[in-house]
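As structure tokens, the structure follows; a few thoughts come after it.
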Amino acid sequence: MRYRIDLSYDGAPFCGWQIQPSDPSVQEELEKALSTLLRSSVGVVGAGRTDTGVSATRYVAHFDFEGAIDCKQLAYKLNAILPRAISIQGIAPAADDFHARFDAVCRQYQYYIHRRKDPFLEGRSFYYGYPDVDFEAMNNAAQWLLGQQDFSSFCRAHTDVKTMICDVREARWVQENETEAYFVITANRFLRNMVRAIVGTLFEVGRHKITEDQFGEIIAARDRKHAGHSAPAEGLSLVDIKYPTNIVIT
């Protein structure tokens with residue numbers, strides 16, 4: 001039987017979601033905990049990769065297990081033995097053909113920055129202390145991201161994917177107050193390092209190092225060498241994953 005897991009995690013202690021040969025990952029911790037509690041080798045399939053250090057306030061995964069499970073009790077026990085950086089929000093039976101990754105129709109990331117030094121925001125927001133940042137220019141430039149196009153300019157080199165085409169449906173900066181803001185971007189899929197590379201390049205627009213139109217030219221170049229440095233991972237969180245309306249995610 002297939003089961004769905006809703007979870008969240010602080011990405012700081014991990015190399016990302018996906019299992020790596022020698023570095024800690026969220027997937028590895030979850031598989032070890034499930035296998036221990038269910039006394040059987042359990043593999044977990046996630047909704048997609050996240051980069052090293054990137055957090056997820058909402059993440060979805062699935063696993064298969066032969067036998068009935070008390071979902072509420074399993075979630076409780078998982079939270080008791082998993083590292084504090086991983087929190088299980090819920091477990092529920094799923095359709096046999098449900099797939100956490102391939103059924104997802106869009107994902108949303110947010111990148112948080114604070115412009116006044118604040119120790120209580122460290123680890124979940126990037127301290128970007130430049131005094132003058134042109135958010136209007138960054139928002140205008142972000143409009144170049146909308147639509148279905150090739151995002152090679154914002155992808156880590158030598159990434160093994162079939163296509164660099166992504167369909168970006170939302171891209172904008174939101175200023176919460178004078179010192180805190182976040183960038184929100186929604187797309188059907190994301191490439192490795194894509195959001196951080198976009199944010200880092202938008203920072204250059206915000207400081208008037210490049211123009212809004214030059215940002216569009218960077219996208220058209222389809223070459224990572226034309227874009228800016230990637231923003232640090234600490235400000236980035238995966239905040240939502242949407243599925244077709246006939247698939248209910250709690």
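Numbers at a glance
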{"read-out": "Selection count where residues are of a type outside the set (D, E, K, R), surrounded by 14 or more Cβ atoms within 10 Å (Cβ to Cβ) and in a strand (DSSP E or B), scope region 140-174", "value": "6"}
{"read-out": "So Val184, is it in contact with a strand residue (DSSP E or B) (Cβ under 6 Å, 6 or more places away or on another chain), open to solvent by less than 50 Å² (accessible area, probe 1.4 Å), part of a helix (DSSP H, G or I) and aliphatic (A, V, I, L, M)", "value": "no"}
{"read-out": "Search result, residues across region 116-134 that are within 23 Å of the chain's Cα centre (by Cα), open to solvent by 50 Å² or more (accessible area, probe 1.4 Å) and at pLDDT below 95", "value": "Phe120, Glu122, Arg124"}
{"read-out": "Scope region 47-92; condition buried (at least 19 other Cβ atoms within 10 Å of the Cβ), of a type in the set (Gly, Ala, Ser) and either more than 23 Å from Tyr112 (Cα to Cα) or without any contact (Cβ under 8 Å) to a residue 60 or more places away in the chain (or both); matching residues", "value": "Ala61, Ala75"}
{"read-out": "Gly200 vs. criteria under 14 Å from Met138 (Cβ atoms) and either without any contact (Cβ under 8 Å) to a residue 40 or more places away in the chain or in a loop (DSSP other than H, G, I, E, B) (or both)", "value": "yes"}
{"read-out": "Boolean, Ser22 is in a helix (DSSP H, G or I), farther than 19 Å from Phe126 by Cβ and either of a type in the set (S, T, N, Q) or open to solvent by 20 Å² or more (accessible area, probe 1.4 Å) (or both)", "value": "no"}
{"read-out": "Some residue of region 37-44 being assigned to a helix (DSSP H, G or I) and open to solvent by 20 Å² or more (accessible area, probe 1.4 Å)", "value": "yes"}
{"read-out": "Verdict on Gly216 being open to solvent by less than 20 Å² (accessible area, probe 1.4 Å), out of contact with any His (no Cβ under 6 Å at 6 or more places or on another chain), assigned to a loop (DSSP other than H, G, I, E, B) and within 22 Å of Gln108 (Cα to Cα)", "value": "no"}
{"read-out": "Selected residue [out of contact with any Leu (no Cβ under 7 Å at 6 or more places or on another chain), closer than 19 Å to Leu238 by Cα, of a type in the set (Lys, Arg) and modelled with pLDDT of 95 or more] from Arg84, Arg49", "value": "Arg84"}
{"read-out": "Pair list, Cβ < 6 Å and 6+ apart or interchain, from region 211-222 residues that are within 12 Å of Phe154 (Cα to Cα) to residues that are assigned to a loop (DSSP other than H, G, I, E, B)", "value": "Ile218/Ala227"}
{"read-out": "Residues within region 7-19 that are over 12 Å from the mean Cα position of the chain (by Cα) and open to solvent by 10 Å² or more (accessible area, probe 1.4 Å), tallied", "value": "6"}
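The values are calculated or read from the model by the stated rules, or taken from the named source; none is laboratory data. None of these values were measured; they are calculated from a predicted model. Neighbour counts are summed over all protein chains in view; Cβ atoms, including those assigned to glycine, are modelled from backbone coordinates with ideal geometry. Only protein heavy atoms, including side chains, enter the accessible area calculation; ligands, DNA and RNA are left aside. Shrake-Rupley method; radii C 1.70, N 1.55, O 1.52, S 1.80 Å.
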